[in-house]
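Participant: What follows is a single structure, and I will ask about it in a moment.
The values are calculated or read from the model by the stated rules, or taken from the named source; none is laboratory data. As the structure is a computational prediction, the values presented were derived from the model and not from experiment. So basically every Cβ, Gly included, is an ideal-geometry build from the backbone, and we count neighbours across all protein chains shown. Accessible surface areas use protein heavy atoms only, side chains included; no ligands, DNA or RNA. Shrake-Rupley method; radii C 1.70, N 1.55, O 1.52, S 1.80 Å.
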Amino acid sequence: MKKTFFIIIITIISLNIFAEGNVTYNKNIKNPKNFVIDNLNSSYKKSFENIDYLNSVDVYDYYFFNCFTEIEYLEGTLLIMWKYEKEYVSSNFVKSVKKFISEARPALRLYFKNTNETKYTKAVDQKYFKVGDKTEKASVYYYKTEECNVENEAPFIKYIQTYEIVEFLGKKNCINLLCYIVPFKTLKYESWDKATSSDEIIELFGMPDSIEKYSFSWPDRKSKNGIYYTPEVNKPVWGEHWRFKKYPDLVIDISAGKKVNDFATDRNIKFYQASKEKND
């Protein structure tokens, strides 16, 4: 009996250590485990499904920011926009997450309207608002990231949950963002032998629902679907961008040699709407 009890205690301790090891806190926050958050906001709306409303309140960033939420205060309403409901990252993201969480600035856009106003005003310098007769500052920073398992979305098995704080009018609101770790390796980070082939991508995702060819030569310096190309003299680059209806924000760059060259998170509204109509 004592032996069994001892084993149970060791197991519980081991699980707690493992769980804690999956969380990375912002090193600039004192006592992060006791950090008080006023509101953890996991609900949001998709910008392109609410274009008429956003236009009516003078918010036009739905071209670049695809998700938003509104937070009520006594003084008015804060509108927060961000790029993706789900972003795709490489496994290297996990290795560099401490640097990422400490130094990177969240890609959020803020608007505010006072209680007597019907239109939103964009933040000045991304952080200052006129609230009544006072100037108020909004602070945006990372709180922590947490590694989690993906359920029922094969071939993805892991994601990083990122918590971003918007501190405004004495309250801390937390936005929860998801970063899915792609289950393949690219030429951008690996050698030719280790990079995933197009055949392996088809085994993972099935046949692509959209294939878009590209070709760039020096002195081109161009971005396509969120991927930037800078070909060298006498070394043109060409290949294909693959998309899948199940993951419409994921772009996989297949090189001319049938290897995964790179990938990006990029919203194509027409492709997304076609995917949504088929899935519905």
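Participant: With runs of 4+ DSSP H residues as the only contributors, calculate the mean residue ellipticity of the chain at 222 nm using -39,500 (n - 2.57) per run, divided by the residue total and rounded to the nearest 500.
Facilitator: -5500 deg cm²/dmol
Participant: Oh, and also: Express the relative contact order of the chain as a whole percentage, based on alpha carbon pairs under 8 Å and six or more residues apart in sequence.
Facilitator: In percent, rounded to a whole number, it is 14.
Participant: At 1.4 Å probe radius, can you tell me the per residue accessible area of the range 32-125 in Å²?
Facilitator: Dividing the accessible area of the range 32-125 by its residue count gives 56 Å².
Participant: Something else: Would you work out what percent of the accessible area of the chain, with all protein chains in place, is carbon or sulfur (probe 1.4 Å)?
Facilitator: About 51 percent, which is the carbon plus sulfur part of the accessible surface.
Participant: If you compute Cα extents along the principal axes in Å for the structure shown, which of (1) 50, 40, 37; (2) 60, 39, 37; (3) 68, 60, 42 do you land on?
Facilitator: (3)
Participant: For R267, R221, R243, R109, write out the residues from largest to smallest accessible area, computed with a 1.4 angstrom probe and no ligands counted.
Facilitator: R221, R109, R267, R243
Participant: Still on this structure, I have one more. Test of understanding: what is the full-extension gain from S215 to S91, defined as 0.36 nm times their sequence separation minus their Cα-Cα distance?
Facilitator: Contour length minus Cα-Cα distance gives 41.9 nm.
Participant: Here's a follow-up. With a/c under 1.5 counting as rounded, go ahead and sort the range 126-280 into rounded, prolate or oblate using the C-alpha gyration tensor (a ≥ b ≥ c being the square roots of the eigenvalues; past the cut-off, prolate if a/b is larger than b/c, else oblate).
Facilitator: prolate
Participant: Using the basic label-point model (7 angstrom from Cα toward the beta carbon), what is the L178 to N39 distance in nanometres?
Facilitator: 2.2
Participant: Given a 1.4 angstrom probe, what's the average accessible area per residue across the range 151-253, in square angstrom?
Facilitator: With all protein chains present, the range 151-253 gives 53 Å² per residue.
Participant: Another question, then. Could you check the spin-label model distance between T118 and K222? Points 7 Å from the Cα along Cα→Cβ, value in nm.
Facilitator: Distance between label points: 4.5 nm.
Participant: Could you calculate the FRET efficiency of E232 with V23 from 1/(1 + (r/R0)^6), where r is the beta carbon distance between them and R0 is 45 Å, rounded to 0.05?
Facilitator: The computed FRET efficiency comes out at 0.60.
Participant: Give me the accessible area of K127, 1.4 Å probe, in Å² rounded to the nearest 10.
Facilitator: 60
Participant: Go through K127/K172; K144/K224; K46/K270; K45/K130; K113/K137 and tell me which ones have a Cα-Cα distance over 20 Å in this structure.
Facilitator: In this structure, K144/K224; K45/K130 lie more than 20 Å apart at Cα.
Participant: What does the accessible area of E85 come to, in Å² to the nearest 10, when a probe of 1.4 Å is used?
Facilitator: In the full protein context, E85 sits at about 50 Å².
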